[in-house]
Amino acid sequence: MIEVLAKLGRGPVFLAGEVLECVITFTNPLSASSTSASSEMLAWASAQIHCQFHASENRVALPPSDGSKHDVQAENETVFVPNRGERGQCILSTPPKILFCDLRLDPGESKSYSYCETLPVDGPPSFRGQSVKYVYKLTIGCQRVNSPIKLLRVPFRVLVLHGLKDYQFPQDEAVAPSNPFLEEEEGLKKDSRLADLATELLMVATSRRSLHLYNISNTRGKVGTFCIFKTVYKIGEDVIGTFSFSEGDIPCLQFSVSLQTEESIQEEFQRRRGQPVSFTTHARHQESCLHTAQSSFSLPIPLSSTPGFTTNIVSLKWRLHFEFVTSGESTGTCLIRGSQSEAVTWTGLEQMEVDTFSWDLPIKVLPTNPILASYVSQFSNTNSITI
């Protein structure tokens with residue numbers, strides 16, 4: 001029996017273009033209760049990154065794929081096929097790297113190997129939607145002598161930030177930003193600078209503030225105004241907006257704001273022409289606002305959500321969806337007097353005519369620092385298997 005342990009040192013979230021580093025340890029455990037132990041032999045071990053694509057058959061019409069190559073390979077137990085047994089199609093993969101050949105482990109002995117690979121910048125981000133899914137995995141295959149191949153899959157998340165692909169790092173290390181107190185390898189230096197560059201680009205894109213004012217009106221007149229200071233955010237931020245109903249002609253009884261994603265399939269891949277778009281609500285604020293002069297809301301963008309992106313098959317966009325309930329009458333309250341000596345009291349109407357209408361405001365959502373996103377990731381830093 002051999003234990004295989006894979007550990008992602010920095011966390012399970014990466015930016016496309018970064019270097020993924022995984023330490024893979026092979027151990028021949030020595031049990032205290034075991035009376036006899038022998039050496040174990042592994043013929044080989046290899047690792048490869050791949051992105052698996054899966055689409056809903058009810059919503060997406062994909063062209064037929066040629067799966068004969070995988071079928072032939074699956075019959076041969078000595079061939080390393082990382083996506084063997086996986087649903088969907090493998091749309092992206094890195095070249096496989098051999099970790100070792102003919103490894104012998106004595107009882108209690110361990111051997112560790114470091115796997116490093118640059119994540120492709122032209123791939124889609126990790127995404128689990130209602131119509132399609134993009135899932136990234138590092139698959140480690142190993143085989144004992146005269147035994148079938150065993151696969152250890154390490155899922156991780158990939159964020160895509162446009163603009164990093166065309167960036168050229170300076171050739172002169174003297175002008176490149178670096179930490180003089182740390183000694184880093186060349187690959188790690190570039191990887192660190194890539195993360196720093198991404199953080200800087202995101203900060204510049206999301207820190208720009210300018211006042212956006214919108215008049216809220218229906219067919220009968222003005223309801224109020226809505227104010228928001230920016231429309232570009234990164235995941236993990238809060239979307240903050242304010243309402244002013246003091247200058248409205250129509251009383252607003254209630255409003256709700258929903259933070260939503262809009263998942264649409266490109267026209268050539270739609271199962272039915274004109275099929276509806278899929279919406280997912282990530283946060284919602286609802287408030288009764290009769291006789292309210294001003295109000296506000298704050299909706300957090302989950303760190304686990306996917307920033308907006310577009311591929312040849314699917315497009316994901318973000319928006320704020322507003323719903324307003326307004327009074328159909330001139331006033332929303334009435335006065336009741338008991339007598340001239342009694343104080344005036346306010347009571348609500350038992351019945352009231354209302355009008356409802358909605359409004360959508362597109363916003364842009366970008367990725368964030370992958371280290372920050374790792375804190376809420378559903379994936380584990382370590383994965384193991386026994387062979």
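Points worth noting:
- Subset of the stretch 305-331 that is small (Gly, Ala, Ser) and either part of a strand (DSSP E or B) or at pLDDT 95 or above (or both) - its residue that is nearest to Tyr214 (Cα to Cα): Ser327
- Conditions (1) in contact (Cβ under 8 Å) with a residue 24 or more places away in the chain; (2) open to solvent by 80 Å² or more (accessible area, probe 1.4 Å); (3) within 23 Å of Leu366 (Cα to Cα); number of the one not met by Arg209: (1)
- Residue within the stretch 191-214 that is over 27 Å from Ser315 (Cβ atoms) and modelled with pLDDT of 90 or more present: yes
- The number of residues in the stretch 277-322 being within 23 Å of the chain's Cα centre (by Cα) and over 25 Å from Glu237 (Cβ atoms) comes to 2.
- Residue in the stretch 335-355 that is open to solvent by less than 60 Å² (accessible area, probe 1.4 Å), β-branched (Val, Ile, Thr) and modelled with pLDDT of 95 or more present: no
- Tally, over the stretch 358-381, of residues that are open to solvent by 20 Å² or more (accessible area, probe 1.4 Å) and of a type outside the set (Ser, Thr, Tyr): 12
Each row is one residue, and each column tells you yes or no for (1) modelled with pLDDT of 75 or more; (2) buried (at least 18 other Cβ atoms within 10 Å of the Cβ); (3) touching a Cys at 6+ places or on another chain (Cβ under 6 Å); (4) in the same structural domain as Val145 (by the TED database).
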residue	(1), (2), (3), (4)
Ser46	yes, yes, no, yes
Phe53	yes, yes, no, yes
Ala61	yes, no, no, yes
Asp66	no, no, no, yes
Val72	no, no, no, yes
Asn76	no, no, no, yes
Val79	no, no, no, yes
Pro82	yes, yes, no, yes
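- Counted as qualifying within the stretch 81-155 are the strands (runs of 3 or more DSSP E) with 1 or more residues that are closer than 18 Å to Glu40 by Cβ, namely 97-105, 110-118, 132-144.
- Tabulated pairs, the stretch 220-242, first farther than 22 Å from Thr292 by Cα, second modelled with pLDDT of 95 or more and among the charged types (D, E, K, R), C-beta under 8 angstrom, 6+ apart or interchain: Thr231/Lys364; Val232/Lys364; Tyr233/Lys364
- Scanning the stretch 207-258 for residues that are within 21 Å of Thr368 (Cα to Cα), part of a loop (DSSP other than H, G, I, E, B) and of a type outside the set (A, V, I, L, M) yields a count of 8.
Per-residue answers, yes or no, for (1) at pLDDT below 95; (2) surrounded by fewer than 15 Cβ atoms within 10 Å (Cβ to Cβ):
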site: Asp249; (1), (2): yes, yes
site: Ser258; (1), (2): no, no
site: Glu263; (1), (2): no, no
site: Arg272; (1), (2): yes, yes
site: Pro276; (1), (2): yes, yes
site: Phe279; (1), (2): no, yes
site: His285; (1), (2): no, no
site: Cys289; (1), (2): yes, no
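The values are calculated or read from the model by the stated rules, or taken from the named source; none is laboratory data. Here the structure is a predicted model, which means the values were calculated and not measured. Here Cβ is always computed from backbone atoms with ideal geometry, including for glycine, and neighbour counts include all displayed protein chains. All accessible areas refer to the heavy atoms of the entire protein, side chains included, with ligands and DNA or RNA removed. Shrake-Rupley method; radii C 1.70, N 1.55, O 1.52, S 1.80 Å.
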